[in-house]
Amino acid sequence: ADGGVVTWGDAGHGGNSSAVAPILRDGVVQVCGNDAAFAAIKADGSVVAWGDAVCGGDSSAVASLLTEGVVQVSGTKGAFAAIKADGSVVTWGDALHGGDSSAVASLLTEGVVQVCVSNAAFAAIKADGSVVTWGDAMYGGDSSAAAPLLTEGIVQISGTKGAF
């Protein structure tokens, strides 16, 4: 009940968390895993990641954005997306699996209320009911074909392995 995390199994898939064990001793409120890495939200809203670096186990490139305010983390096969309390989104991990959201970054600075995943793409619902997608186009990262239907009124998104 102290919010501590214990891991085991294949070290290459996050089973060895010894590098971050002191940080995981207490205060963890959510853990999200993908194919080879984990990301944990602590009670103070910070995030700690471990496991395969390419798949998001190394969040150092965005560490300064993950020190506070994170309320949800979602993972594709090889990347993570964190929603912050201000409605912004931070992504990291394999760019091929949605870890690079730079193409839509201007749309992810505020108002995001939910992020849903496929194997290699993310879909975010904003407070105004619009949807923003990024990641591998073959897995739903390109929503341009449905764009006219995604500008307002969306309340929920579900994902399969390759679609939303």
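Just so it is clear, none of the values below were taken in a lab; they were calculated from the coordinates. Keep in mind that what you see is a predicted model, and the values were worked out from it rather than measured. Every residue, glycine among them, receives a Cβ derived from its backbone with ideal geometry; neighbour counts consider all protein chains shown.
Brief remarks on what is shown
- Span from the region 1-54 Cα centroid across to the region 101-164 one, whole angstrom: 26
- Two-decimal ratio, the chain, of alpha-carbon radius of gyration to 2.2 N^0.38 Å: 1.00
- 5 Å-binned pair-distance histogram of region 14-56 (Cα, whole percent): 6, 26, 34, 24, 10, 1
- Cα-derived Rg to Rh of region 70-164, Kirkwood definition: 0.92
- For region 1-109, applying the loop criterion from DSSP together with a ceiling of 15 other beta carbons within 10 Å to the chymotrypsin sites (Phe, Trp or Tyr not before Pro) yields Trp8.
- Only helices enter this figure: runs of n ≥ 4 DSSP H residues, each worth -39500 (n - 2.57), summed and divided by the residues of the chain, yield -500 deg cm²/dmol at 222 nm to the nearest 500.
- Listed by chain and number, the aspartates and glutamates placed with their C-alpha closer than 18 angstrom to that of Lys84 are Asp44, Glu68, Asp100, Glu110, Asp128; residues fewer than eight positions away on the same chain are left out.
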